[in-house]
């Protein structure tokens, strides 16, 4: 039941229906988690933990968002906890960029240098990310990344988190963050070009 508030519409807590969560949101939350975690069993566990945490905090749900958004926010926090536990600090050698790959990016603006610009992957159309075959290869390439790199890349480019938040949550310096992002891009580029093109 909706109650009108001059500032915001809220949902009465009695309208929150945990009995419907699995049928309404389990598939969505599982897909959300499995893409970010790249581990199906862990993704299932995180969805179950999300439902349990939401059930325990049902009274705190203020209705300022939909149930789906609220459950996704809980799941997102659990995923960040996984990233944090997997990423116990900078990856080996993440302090400095290798001499071999310094010429991939322009040191002034961070964009690809022309001679190293990635080739088109053939997915440039508007629905490119919905291409299941490409997603499968991207997931396989991401799975090859070290845990810290995977966490940083996922938080930055999938969840669109700020650099400051990522550094704070994963206890990274700004320079470590940028080195990791750089190396991740180079590795993903190489893997995609070998397996997709």
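Read-outs: derived from the displayed coordinates by stated rules, not from any lab. Remember, it's a predicted structure, so these values are computed and weren't measured experimentally. Note that each Cβ is placed from the backbone with ideal geometry, even for glycine, and that neighbours are counted across all protein chains shown.
Observations on the structure shown:
- Legend: ranking of residues 80, 47 from fewest to most surrounding C-beta atoms inside 10 Å; resulting order 80, 47.
- The order of the peptides 27-33, 17-23 by mean Cβ neighbours within 10 Å, most packed first, is 27-33, 17-23.
- Whole-angstrom gap from segment 38-69 to segment 155-169, using each part's C-alpha centre: 21 Å
- Exposure proxy shown here: for 143, 78, the number of other Cβ atoms within 10 Å sets the order, fewest to most, as 143, 78.
- As a proxy for reagent exposure, 79, 158 were ordered by neighbouring Cβ count within 10 angstrom, fewest first; the result is 158, 79.
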